[in-house]
Amino acid sequence: MLQLFSVFLIQVAEPVTATVIYPFINQFVRETGITGGDEKKTGYYAGLIESAFFFAESLTVVFWGHLSDQYGRRPVLLLGPLGLTFSMFWFGMSTTFWPLMISRCFQGVFNGVSKSIIAELTDSTNRGDAYAYMPMLWSFGTTSGPIIGGLLSNAAQRWPNTLGRIPYLQAHPYFLPCAVAGLLAFVTFAIAFLGLKETLPSIVAREKLEKRIRTSSDEITEESRLLQPEEYPCYTVASSESPTLIGNDSRDSGYRAILTRPLLMTLTNHMFLTFLDMCHAVLLPLMYSTSIPLGGLGLDPFHIGATLGAYGCINSFVQMNFLGRLIRKFGARRMYIFASPAIAGCFAMYPIMSFFARRAGGVDAIVIACIVVQLTCHMGIYMAYGSLQVVLVENVPENGPMGTVNGVAQMLGSGMRSIAPTFASSLFSISLQRGFAGGNMVYYILLAMTFVASRLSILLPKQNNAKRRST
């Protein structure tokens, strides 16, 4: 439990640092002057910054996964929150566009291999429960991030008699939420440094063998004191049991282990899920913050953060209490097939909310009801993530490179997440500027892609029952 607690803390650091900027990033971009005062261009530049995190992650995550297979999970994981600490402070101290881009890239570089560790700490009897916590943790992180970003941005203006007296916060209105996220990452690093142990099977086996050999050597030394030289027994250790040979991981570390149909189909579904989810994650604050005449809801960062925060608390409770049970009852594959189409409801609600907001001239009870429906559908996306991760680890070949497989999955997912913000926000801006489908073209295109993803979910591999029994 202490191991899982340390890993879960690290797992929270990524969504917090990734989403803390969402409530204020659009305003932050406008204040850098990069848009030239044209609000319709905000989506382009905000999308680039949001994409930078996942683009950098996609370029480096397989490298980290490979290192974790070779040198251990612990050192790789500890680098993550430590690097996030410094990059978050850098982001908050920036005042122009390009430093924001560079610091955002560094945030994406420092991510670890916690999914591999969870797979090594669990078996088929409890893996669903462990991975059920991951959507809950992601939900908690994506809840805490916007809350921190929404409540603490422009702190000098919100609390003029206290924080407003600090000149630095007046000059850097978005430093405080970034600093809080950075401090959270540093506390995570400190706790994990003290509580996290190595789980890579080869290193664990080598450490056990070395400990056994040291114990045997101590017993031999103690016994030799009581024996005459001619009475020494012959103690030998077979060369096949040498620590060096035992310590070498016998798993096939090549990428050929990934080129199996079950893993390829799982990774394909993972790519579609992450792409569509990230498009929705970018469109939600962008559409919510856009003025009503342009097709948005006209909400400020505080109300966006409060809305996402309330949703996140409810979603965390649902994921923690129901996802594990549902995976055990119906299986991870069936749960994914059932949950993944929920994202279609998220995209369908955007033009509906825009229509009612324009008709009412504001956010009335009907619009609020639409927001509730949309966020309820969003819960299905988190269930899809947890279910698909279980499908992935259960289809890794026996003695396969778990860290590399998870690294490739995260690379592909991060690659999709790096493309999605620019794609969705740019398409959003184009739809508004040119009036395609009444400004709703972006939603219809993403709906069509959702139907393709639902068809692919049926092609997921059946559960590997033989592997479950052997586990």
Selection over the range 20-47 where residues are more than 24 Å from the chain's Cα centre (by Cα), free of Cβ contacts under 8 Å to residues at least 60 places away in the same chain and crowded, with 16+ Cβ neighbours inside 10 Å yields a count of 2
Of (1) over 22 Å from Gly83 (Cα atoms); (2) of a type in the set (S, T, N, Q); (3) in a helix (DSSP H, G or I), Thr35 fails just (3)
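Output yes when any residue across the range 73-82 is under 21 Å from Leu276 (Cα atoms) and either of a type in the set (Ser, Thr, Tyr) or part of a helix (DSSP H, G or I) (or both), and no when none is. Reasoning before the result, please.
First, pick out the residues of the range 73-82 that are under 21 Å from Leu276 (Cα atoms): none.
No.
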Here the residues within the range 52-67 that are farther than 29 Å from Ile25 by Cα and crowded, with 22+ Cβ neighbours inside 10 Å are Gly65
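Would you be able to tell me the number of residues in the range 159-179 that are surrounded by fewer than 19 Cβ atoms within 10 Å (Cβ to Cβ) and modelled with pLDDT of 85 or more? Write out each step before concluding.
Quick first cut of the range 159-179, residues surrounded by fewer than 19 Cβ atoms within 10 Å (Cβ to Cβ) only: 159-168, 170-172.
Now restrict to residues that are modelled with pLDDT of 85 or more: 159-163, 165-168, 170-172.
The total comes to 12.
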Given the conditions (1) surrounded by fewer than 16 Cβ atoms within 10 Å (Cβ to Cβ); (2) closer than 19 Å to Ile458 by Cα, every one holds for Ser291 apart from (2)
Note on the range 24-45: residues at pLDDT below 80 and in contact with a Ser or Thr (Cβ under 7 Å, 6 or more places away or on another chain) are Asn26, Thr35, Lys40, Lys41, Thr42, Gly43, Tyr44
*Would you mind stating whether Ser51 is assigned to a helix (DSSP H, G or I), within 21 Å of Ser426 (Cα to Cα) and within 19 Å of the chain's Cα centre (by Cα)?*
yes
Residue hits (the range 69-96; crowded, with 23+ Cβ neighbours inside 10 Å, aliphatic (A, V, I, L, M) and modelled with pLDDT of 85 or more) are Leu84, Met88
Among residues of the range 190-199 being farther than 17 Å from Ser144 by Cβ and touching a residue at least 12 places away in the same chain (Cβ under 8 Å), the residue surrounded by the most Cβ atoms within 10 Å (Cβ to Cβ) is Ala192
Note to self: Tell me whether the range 297-306 contains one or more residues that are in contact (Cβ under 8 Å) with a residue 24 or more places away in the chain, within 27 Å of Leu412 (Cβ to Cβ) and part of a loop (DSSP other than H, G, I, E, B).
What the structure shows: no
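The values are calculated or read from the model by the stated rules, or taken from the named source; none is laboratory data. Note that the structure is a prediction, hence the values are computed from the model and not measured. Heads up, the Cβs are rebuilt from the backbone with ideal geometry, glycines too, and the neighbour counts pull from every protein chain shown.
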